[in-house]
Each structure stands twice: as structure tokens, then as C-alpha cells.
């Protein structure tokens, strides 16, 4: 009897394969959905995907520390490698495939010209420690992006080196600590205020720097409660960390009063720039009294999200914080660009160094290509379209879903789960059902201040027809959920994705973080088994 | 504008559904004083793809790329050949334009390659568990020190003088603002540093690099034992990950945390970033690790699948109690790394390492035969230090004027130590050829 080749073997204790509505196939594949083993289950000694010349025999100069024994890396040929990763790629949802309304992540179109220019040899193939005389164009490129970022934010300085948004937060908060130290106030100002709705990185950053994080409440309109903020301010407060537009997708309408109050209390205003896409070209954070703000180039300026990075998080700084920007500084001396590195005399007191070399150059290049493509007019239009699209989605769904706050919203529409009350369907179930409809779900259960939160950020990149289809699909799901008979159906979703719901509890309770021979298929490679 | 699908007609219809007269109404929460009257002044308007590409070609033309000039610069970033398959794979939209795999049912591609990546890292380093990547080796090293502080509940890090100076400065910056102390070794030019006597009861960790910044290959077995006897952790940093194809892995020496810069595999020089940090440790410290972790599980049909796991360490759950504020990692650079390493496999990776060592041996012999040049290293992998008869900075400038990127003057990274002024750090890889080494040697003879 020919046994099934199904490579999707489970782990001990796995639930039985019951419940699949479609009949099993011999291979376990389903047309374009191809089951793919791990590379460690595919390799054969003697196969290799590169051809390298025979190394000349030389006397080892390895201090007697030559590596013994097998490393254990599998051997695959080039076509196998291409097939393996191509099959894996087909198990991913992506911006290139459709609506990806992941709130607070700004999943906008990633233009391919960005990729092309980042790969020009004169940009992508440069060593970071070449003599500066040989990288004048690269330094000019970084400064061009810096100029755009400063102008768009209305801020006098920018630190380019942080590697991601959270790293930028660290940079900005260190700059605040440095400014406090210079005033002799670091020891007494130990409190950082942050709204309960803040991104998790905000309290994590503040705590890492030894600050005590104190939450500030929101008012009924989803904004910072100004009176509560004022009473929380005092001589022991170092800074406020505030996202604007905030994580509920709303513009902080009392932002100027907030920044005034913060400054009057001798504290600084850190702005989380994750949501800058909503206002770029229309509002300059510098006009709001911001002291520093990181900019996620992978959100607002379209550098690819890449399955979770790499990002880039330049931080714009006010005149009060600019002197503390970390090394390196890129400065112009006469006609030539130069890099002021650790210890070099600059017009300030750098807080140190946060990253090797000069920052995420590859991301700078892509962001600048995006910015130049859009120009001042296009960036403003993009922000307006992003806000328009979010408001359109909210307006078209507000009679069947429940917006958490009164509109208008900015670039993202926040719903709570009260429309699902008594249906037996949770936010999670609803999101998983969206997968079967061909959509990546919105951000779920964030911000924490809204029950069962659903944060929808369509971005400016979707055509109206695609938004209309998305809206229609969402309306159909709400109707099904409210029918009162579909809860089981929702709980079983998704059905048509490469995998159905995964057991996250099992993963955390018995962590398997790497392949070992013992967790490969019972009896070895199934293909080989079948051949025998 | 080519990136914006909405037409004027669309916009009007959408505003009508919203019930707003103009888009300005949607921005009514912006305080009057912060509303800009028109677009921001002094910035150019949108441009076509052709114009943008020309602008970048103009930037590129003002640089000298190692693709067009012999280069011997390493110091934490190495120029290797990256197979075409790697760059093709990372440009597939399903990888390039996906995000952190929060919805595992539709991101198994990312999750599986990260699981494979984590396994590859444990094998290379000889460690038990690895995470799904850090921003890069330099920031990963600083995170390793913070992790050691958490594990040991101590607050003093002992830093080798053989650690890359940028890495050292990042630790010092972190120490200054996050509140722990550091003891920094003197620049370990000769590779003879012994840190054992400096370990005490307050030491949380010892941070060393192998091969060291100056290129020496060191055995840290005794140092590891001394760390453990004192209750401290040994952190081993590897900035040239190809070396692990030839050199005993840190795990075998007794390292507790290993951090590597993974750029050499799959990722180009890129003027310093983005790169990919590799981070591995012992299983017992797993829950103190920073960064994302991918774990194996099953789905509702009992099929094997992968998810982000142990996220109770992370900022989005633990907030101010998180092990790190890290959120994004270096997903796409990790993909480039894992695709390249899969192409290489056991045989290819070992051969690549052998080739690098052979090229560097040849370079060392030829350069040290130049009158006045003295090879400092007895041991090295693909990078070594030479002492010149005069300061290295003007020598490197003179070489650059001859379109040769002739290594790194150590004083660029260690400007405060006059004893390193004449030192030059030189690297060779499989990309180095006679067409590069020959001109370097003759040019050195001219300028020295």
C-alpha cells in the first residue's frame, strides 16, 4: 500500500486531522499550496548551491583552533534552493497582493525604483570605512535625506543612525536624559508620562533608561486628558512620550496646550512618529512644540517591511536637544563632506554612539527615492489620501461596526468589539475570518484602551474599487457574525490559508526553537522512504 | 502621481460618503496655528522614475566603489560575493512587502525561514538557541551585555581591548544612560590580553571578540571557565561570520552568549547597513533573550507550523518590564543570510572559509615583504594588522588617490591612542584577486 507522502507531520499530541472539509491529497499538497519540508530534511551530502575554486593549500595561521567535526548544514543545489524559498514565499500575504490594513504599521506600496537605486554599485557596494574622499556622494545622499526630514518636520537637526523606530526612541530619550544632565536635573526628574494607549516600545524604552513610567488617562474623546496631564506634571517629570496622531487614529487637538504645559514644567516632549504618514506635508511637528520625534522610514517613507525589518529610525531634534545627537555627524567643510566620528570636535556634546558605522544607508536610499518621487506636492497628497481612505472605510462601516470614537479619524479607523456583543464571535475570530476572504487582518487588541480593538489603516495605496470590495467583505462578515448562528464557523476560520489556527499555547509551553534530527518526520525523509 | 490610485472623482465620491465638503474638514482637529497654508516651501515637486534614477546615478558617480577599485577594508564589514539567487529571493514581493508575522496562518513563509535561520545560527555558533535576528552585530552586543546583567543581577561589564571600537562605544553609551559600569581593556594590538585577573564578584560579563578587531584568533576556553567560576557570563562577538567555517565555534569554548555580525553572508557592504545581528545563547537563558523568537507548533488540523513565541518577554506584551525595547528585527537581511547559507551548505561554507584564509595568508606574505611593513599577527583568519613606518592615515589617503582602498587606519576608530597611529588593518576575501593585491603592493612601495 502506498502511504501518504503528506510532509506536514504533526507533533505528538496533535489533534486528529478531522475537520478538514476537503478530501486529502496523496502529497498533502493542494494545487498551488505546496507542503514544504525544512532545509534540514532536504539536504544531501555532496550537493552544493555554489561553485567555489579549490583553495590553495596554505599553512594554517589559526592558533591551533581549526574547527573539528561537522557543522551540520544541509547541502542543496541551486534549483532546490530556488524552489524551496519560492514555495515558502507563496505561504505569505504581502502588500503586493492586496489590502493589508495593519493599523499603526502603514503598509503602503513599496516602489521598485527604490530597490533599483539602492543596488547601484556606487551606492550599495560601498564600505562604510572607506576614506571619506571616496564616498562624497554617499554622504551627500544622507544629507539630502536629512534635509528633507528636517524640512518636513520643521526641526533644526536630525540624528540619522538609529536602526529602527524603537532604536530611535532610545536615541531621543537618551538625548533628553543628556539635556537634563547638562542642567543638573537628571537625578531629580525620574518620571516619564505616557498615555495608556502608547505603543509598548514607549514604556519599554523609558524603563530601560531608568525612568519610572506613569500612565496618563485619556478623555472621552480618545485624547490626552489635559487637566490630568497638568496635574501629573511637576519637578520630577522628565518627559512626556506621546504619539501624534495617536494610537487611536486621532489628532491630539490640544497638542499645543500639552507641549506648552510640558515645557513650562521643565520637561521635554518626545513624539512617537509612527503615525507621521497622516500629516506629512500638512503639519510640521516642530510647530507643535515637539522636542524630538523618530521617523519610521519603513512606514511613512515606504522602505520595505521585509517580514519584520530592517527598519530605520532617524530622530529629528529641537534646538534644545540637537547638541546631544549621537556620533556620527555628517558635516560639510568647505566643499567637502566629512564624517565626525567618536571623539571628533563638533558643535555639541554627543551622547555617544548607538550603532556601528553611519546608520541604515540602504533604507536612506530607498526613502529618499520615495520622497523625491512624491515631491512636496505628492507627499501632501499621499497624507490626504491616507486620511481620506481611513475616513471612507470608517464611514462605510460605522452602521455595522462600532467606531471607538467620534470622527473624523486620521490615517486609521479604530473600532471596538461591541458590535460583536453576544454573537459568540471575538475580535480574533473576526480577524481570522478576514483571512479566508483574502485579506490580511487589521491590527487586533491594540491599543489596549479599547475593548477588542480593531485598528484599520488602509493607507493611500489602495484604489477605491479595492476599498469598496474590502468594505463589502467586512459588511458581509458582520452580517454573518450577527446572524447568531455562525460562531462555530468563525471559530473554525481560517480554512483556506496554508495553515489553519496555530496552537500558540503549545509553542510557548514546550518551546521548540530549532530543528533537531529528533523532530524531523518519523522514519526519516518521507520522499526517501517512499522511494524505498 | 504614479503611486496614488485615487482619482479626483474617487475623492469627491469618498468625501460624499463621509459627509465632508473637503479633505480639509478631516484635518479639523489640527490646531489653527499649526495648519500650513499650502505645501511646504523650498522642496521640489514630484518627479518621474527616470529623473529619480538620474539623481541617484549622480550620487553614485561621486563615490569609488570596491566593485571598481581594489579594496582591503574589513573592520566589521566584509565584501563577499553574494549569489544572484539571494538578491532575487529577497526581492520577491511576498517576502519584501510582508511584515512581522503577527498572523501566522498567512505568514508561514517568513516563519519557516526564520525557524531555519535560528537553527543555522545555533549550528554555526555551537549554541543551543538563537533568536530571529537583531538590528546588527554592534547593537546586538550591547543587548547581550544587558541580558547578562539581567541573568547575573550584576552591573559591571568587562570589555576586551580586542572588541571592535564601535561596538565598545555602543556598550559605553548604553552603560552611561542605562546605568551600569564598564571596565575597558587597552587596545589589544598584539592579541595577548588576559582578562582573567580582572574578573571579580561584581562582573556580570566579559565581552571578547574572535577573531579580534586586530585579527587574532584566540582560545577562550580558560576565560569561559574563569567567568563561570566567578558567576559571570562570557559573551563572544564574531564580526566576520565566515570565520566560523574554519575556527572552533564559541559554543565549544564555553561561551554563554554569542553575537555575530551576519553581513558577510548574503548581505552587501551597503555603506554600513542594514546588516543582520545573530544572537545565540544557552537554553537556560532563553527567557532572558531580547528579540523575536520563532517556535514550532501544530495547527488545528495537526499539521506542523510555526509561530512567534515566548512573546511575554517583549515590549508589546510586557511594556516597561520587557527584556528589550526591540520591535522590528532584520527580517529581510536574515532571509538573505539564510538563503546564501543554504546555497553554500556544509561543503560550500567550509570552502568559502578556507578560501578567505588562503587569500589573507597570501596578502599577509606579500604586504609584509614590502620594506618597512611589519606583520603584527601570528594568527588571523581573513584580516590582520600591519605596522607601517609612518602614520597610516596619509598612507591610506595616498592609496585612495591611486584608486586603491588600502585597508583601515586603526586610528580612525581609536583616535585617542597615539600608539596605534601607524597601524593598518587589512582584509582579504574570496573576492580578492591578483589584480588587486599586485597594485596594492606596488603602491605601498611607492608611498612608504
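The values are calculated or read from the model by the stated rules, or taken from the named source; none is laboratory data. On a predicted model such as this, the values are computed, not experimentally measured, just so you know. Here Cβ is always computed from backbone atoms with ideal geometry, including for glycine, and neighbour counts include all displayed protein chains.
Screening residue B:287 with (1) over 16 Å from the mean Cα position of the chain (by Cα); (2) crowded, with 24+ Cβ neighbours inside 10 Å; (3) closer than 25 Å to residue A:446 by Cα gives one miss only, at (2).
Do we find a residue being more than 30 Å from residue A:146 (Cβ to Cβ) and either touching a residue at least 40 places away in the same chain (Cβ under 8 Å) or more than 7 Å from chain A (Cβ to nearest Cβ) (or both) anywhere in the stretch B:1-8?
Pass one, the stretch B:1-8, residues more than 30 Å from residue A:146 (Cβ to Cβ): B:5-8.
Applying the additional criterion that residues be either touching a residue at least 40 places away in the same chain (Cβ under 8 Å) or more than 7 Å from chain A (Cβ to nearest Cβ) (or both) yields B:7-8.
Checking the stretch B:1-8: at least one residue is more than 30 Å from residue A:146 (Cβ to Cβ) and either touching a residue at least 40 places away in the same chain (Cβ under 8 Å) or more than 7 Å from chain A (Cβ to nearest Cβ) (or both).
The residues listed here are A:433, A:404; of these, the one that is more than 10 Å from every other protein chain (Cβ to nearest Cβ), within 21 Å of residue A:246 (Cα to Cα) and surrounded by 19 or more Cβ atoms within 10 Å (Cβ to Cβ) is A:404.
All told, residue B:84 meets the bar of being without any contact (Cβ under 8 Å) to a residue 24 or more places away in the chain and within 24 Å of residue B:260 (Cα to Cα). The set of residues in the stretch A:272-288 being within 13 Å of chain B (Cβ to nearest Cβ), under 29 Å from residue A:235 (Cα atoms) and either touching a strand residue (DSSP E or B) at 6+ places or on another chain (Cβ under 6 Å) or surrounded by 24 or more Cβ atoms within 10 Å (Cβ to Cβ) (or both) consists of A:272, A:274, A:285, A:288.
The residues of the stretch B:304-326 that are more than 7 Å from chain A (Cβ to nearest Cβ), under 28 Å from residue A:88 (Cα atoms), free of Cβ contacts under 8 Å to residues at least 60 places away in the same chain and in contact with a helix residue (DSSP H, G or I) (Cβ under 8 Å, 6 or more places away or on another chain), listed by number, are B:311, B:312, B:313. Looking at A:452, A:484, just one residue is closer than 25 Å to residue A:494 by Cα, away from chain B (no Cβ under 11 Å) and at pLDDT below 95, and that residue is A:484.
For the structure I just gave you, tell me whether residue A:118 is more than 19 Å from residue A:274 (Cβ to Cβ) and out of contact with any helix residue (DSSP H, G or I) (no Cβ under 8 Å at 6 or more places or on another chain).
Details: more than 19 Å from residue A:274 (Cβ to Cβ): yes; out of contact with any helix residue (DSSP H, G or I) (no Cβ under 8 Å at 6 or more places or on another chain): no.
No; evaluated as a whole, the condition is false for this residue.
Of all residues in the stretch A:444-469, how many are part of a helix (DSSP H, G or I) and surrounded by 24 or more Cβ atoms within 10 Å (Cβ to Cβ)?
Summing the residues that are part of a helix (DSSP H, G or I) and surrounded by 24 or more Cβ atoms within 10 Å (Cβ to Cβ) in the stretch A:444-469 gives 0.
Candidates are the residues of the stretch B:56-82 that are at the interface with chain A (Cβ under 7 Å from one of its Cβ atoms) and outside any loop (DSSP other than H, G, I, E, B); the one that is surrounded by the most Cβ atoms within 10 Å (Cβ to Cβ) is B:71.
When you scan the stretch B:83-185 for helices (runs of 4 or more DSSP H) that lie fully inside it, which ones turn up with 3 or more residues that are within 30 Å of residue A:106 (Cβ to Cβ) and more than 7 Å from chain A (Cβ to nearest Cβ)?
Details: elements: B:84-90, B:93-96, B:108-125, B:137-152, B:165-178.
In the stretch B:83-185, B:84-90, B:108-125, B:137-152 are the helices (runs of 4 or more DSSP H) which contain 3 or more residues that are within 30 Å of residue A:106 (Cβ to Cβ) and more than 7 Å from chain A (Cβ to nearest Cβ).
Within the stretch B:36-55, the residues that satisfy the criterion of being within 18 Å of residue A:287 (Cα to Cα) and either more than 7 Å from chain A (Cβ to nearest Cβ) or touching a strand residue (DSSP E or B) at 6+ places or on another chain (Cβ under 7 Å) (or both) are B:37, B:38, B:41. Among residues of the stretch A:357-400 being within 7 Å of another protein chain (Cβ to nearest Cβ) and not in a helix (DSSP H, G or I), the one that is surrounded by the most Cβ atoms within 10 Å (Cβ to Cβ) is A:360.
Assess whether residue A:431 counts as being touching a strand residue (DSSP E or B) at 6+ places or on another chain (Cβ under 6 Å) and farther than 15 Å from residue A:222 by Cβ. Answer is yes for this residue. Just one of the listed residues (B:386, B:441) is modelled with pLDDT of 95 or more, farther than 30 Å from residue A:328 by Cβ and more than 11 Å from every other protein chain (Cβ to nearest Cβ), and it is B:441.
In the set (1) out of contact with any helix residue (DSSP H, G or I) (no Cβ under 7 Å at 6 or more places or on another chain); (2) more than 17 Å from residue B:274 (Cβ to Cβ); (3) more than 7 Å from every other protein chain (Cβ to nearest Cβ), residue A:155 fails one condition alone, (1). Scanning the stretch B:394-429 for residues that are at the interface with chain A (Cβ under 9 Å from one of its Cβ atoms) and part of a helix (DSSP H, G or I), we see that the one that is farthest from residue B:76 (Cα to Cα) is B:401.
To keep it simple, each residue is scored yes or no on (1) touching a residue at least 40 places away in the same chain (Cβ under 8 Å); (2) more than 26 Å from the chain's Cα centre (by Cα); (3) more than 16 Å from residue A:53 (Cα to Cα).
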{"residue": "B:360", "(1), (2), (3)": "yes, no, no"}
{"residue": "B:365", "(1), (2), (3)": "no, yes, yes"}
{"residue": "B:382", "(1), (2), (3)": "yes, no, yes"}
{"residue": "B:385", "(1), (2), (3)": "yes, no, yes"}
{"residue": "B:391", "(1), (2), (3)": "no, yes, yes"}
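Condition check ((1) buried (at least 24 other Cβ atoms within 10 Å of the Cβ); (2) farther than 30 Å from residue A:137 by Cα; (3) at pLDDT below 95) across all residues:
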| residue | (1), (2), (3) |
| --- | --- |
| B:272 | yes, no, no |
| B:280 | yes, yes, no |
| B:296 | yes, yes, no |
| B:319 | no, yes, yes |
| B:323 | no, yes, yes |
| B:333 | yes, no, no |
| B:341 | yes, yes, no |
| B:349 | yes, yes, no |
| B:353 | yes, yes, no |
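Among the residues making up the stretch A:16-52, those that are at pLDDT 95 or above and outside any loop (DSSP other than H, G, I, E, B) are A:39, A:40, A:41.
Kindly evaluate residue A:44 against the criterion of being within 30 Å of residue A:440 (Cβ to Cβ) and surrounded by fewer than 17 Cβ atoms within 10 Å (Cβ to Cβ). Against the criterion (within 30 Å of residue A:440 (Cβ to Cβ) and surrounded by fewer than 17 Cβ atoms within 10 Å (Cβ to Cβ)), residue A:44 does not qualify.
Can you spot a residue in the stretch A:226-239 that is modelled with pLDDT of 95 or more, out of contact with any helix residue (DSSP H, G or I) (no Cβ under 7 Å at 6 or more places or on another chain) and buried (at least 20 other Cβ atoms within 10 Å of the Cβ)? Within the stretch A:226-239, one or more residues are modelled with pLDDT of 95 or more, out of contact with any helix residue (DSSP H, G or I) (no Cβ under 7 Å at 6 or more places or on another chain) and buried (at least 20 other Cβ atoms within 10 Å of the Cβ).
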